[in-house]
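Visitor: Pasting a structure below so you can have a look.
Coordinate-derived values only; no laboratory data. Small disclaimer: the values here were computed from a predicted structure and weren't measured. With ideal geometry, Cβ positions are generated from the backbone for all residues, glycine too; neighbour counts draw on all protein chains shown.
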Amino acid sequence: MAAANVAEKVAKIDSALVDQAVKLIKEKGYVTRKDFAKLQDDDWAKQFTTQISDAFQAADEAPYIYYERFDFLDHEITGIIFDMDQLKTRVAAGQKLGEVLGLKSF
């Protein structure tokens, strides 16, 4: 019963941010906290990913948009939203994230 009373957090994400993310993903295949600082907030990032995916679908495009968080050597945890048609694996996405942010992987 308690779970039924828990309201799902819904972030208000400006459609201009979603449009910007779609453009960046089309250009380079991913977005990180360098593009959107709020990606550090896991709940926000998940909802942002859903809205980005929905925007692609609404435009009759169907890339596989995926959100993943990675733990780096200095114990920093951060995420990336990426198009799996451009970054083919989670490993590739993690490597790109580390490269872009200057973080070292395990």
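Visitor: Rank the residues 18, 31, 91 as a footprinting-exposure proxy: fewest other Cβ atoms within 10 Å of their Cβ go first.
Guide: Least to most surrounded, the residues fall as 91, 18, 31.
Visitor: Further, regarding this structure: Which of 87, 24, 73 moves the most in a Gaussian network model of the chain with Cα springs under 10 Å?
Guide: Among 87, 24, 73, the largest mean-square fluctuation in the Gaussian network model of the chain belongs to 73.
Visitor: Using only alpha carbon pairs under 8 Å that are at least six residues apart, calculate the relative contact order of region 14-101 and give it in whole percent.
Guide: With pairs under 8 Å counted, the relative contact order is 29 percent.
Visitor: What's the exposure ranking of 15, 105, going from fewest to most Cβ atoms within 10 Å?
Guide: 15, 105
Visitor: About the Cα centre of the chain, what is the dipole size in debye to 20, counting +1 per Lys and Arg Cβ and -1 per Asp and Glu Cβ, all else neutral?
Guide: Using only the charged Cβ atoms, the result is roughly 200 debye.
Visitor: Considering only 19, 42, 60, give the residue with the highest GNM mean-square fluctuation for the chain, with springs between Cα atoms whenever their separation is below 10 Å.
Guide: Judging by the Gaussian network model, the answer is 60.
Visitor: Distance from the Cα centre of region 74-106 to that of region 37-59, in angstrom?
Guide: Cα centres, region 74-106 to region 37-59: 17 Å.
Visitor: Among 57, 20, 95, whose mean-square fluctuation peaks in a Gaussian network model of the chain (Cα, cutoff 10 Å)?
Guide: Comparing 57, 20, 95 in a Gaussian network model of the chain, the most mobile one is 57.
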